[in-house]
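Visitor: Before I ask anything, here is the structure I am working with.
Nothing in this text is a laboratory measurement; each read-out follows from the coordinates by a stated rule. These figures come from a predicted structure and were not determined experimentally. Virtual Cβ from ideal backbone geometry, glycine too; neighbours counted across all protein chains shown.
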Amino acid sequence: MVIEDVRAWVFRVAHNQWIDSRREHQRYWTDLPSDAGTSARKHRDWRPDPEQRLIRREHVRRISRQVSRLPELQRECLRLKALGLRYHEIASALDIPMTAAVDHVRHAVAKLRRTLRSK
């Protein structure tokens, strides 16, 4: 897989990981008794520990590996969408119909979702 704008892709992956992390922490805090959560929240260090960083790196590697296995056109449509292009812009850039751009992105996302959930 060739990623032309690595910075944008890494930012996107990091942002998604941050969202997942926040959801996980939110789930953790709602399970605590009401008095325990107040003092724990004040002193909690939100920086990831070495294990969490390793898990994140492995997750990024898994995503990268699965993206590289996508068909070239799906991969390119997904990359352009991740960069923030609209479907009509993707279609124009790749000289394909807009409906094809939409389909390629949807199929790529669905395939990634299936393969990443199964592992």
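Visitor: Can you put Trp9, Trp46, Trp18 in order, fewest other beta carbons within 10 Å first?
Guide: Fewest to most other Cβ atoms nearby, the residues stand as Trp46, Trp18, Trp9.
Visitor: Now, a different point. Can you list the HN-Hα couplings for region 69-81, worked out from phi with the Karplus curve (6.51, -1.76, 1.60; θ = phi - 60°), rounded to whole Hz and with x for Gly and Pro?
Guide: 8, 5, x, 3, 5, 4, 4, 5, 4, 5, 4, 5, 5
Visitor: Starting from the Cα-Cα distance between Leu85 and Ala14, subtract it from 0.36 nm times their residue separation and give me the gain in nm to one decimal.
Guide: 23.7 nm
Visitor: OK, next. So what J values fall out for region 82-88 if you push phi through Karplus, 6.51 cos²θ - 1.76 cosθ + 1.60 with θ = phi - 60°, rounded to Hz, Gly and Pro as x?
Guide: 5, 6, x, 6, 7, 4, 5
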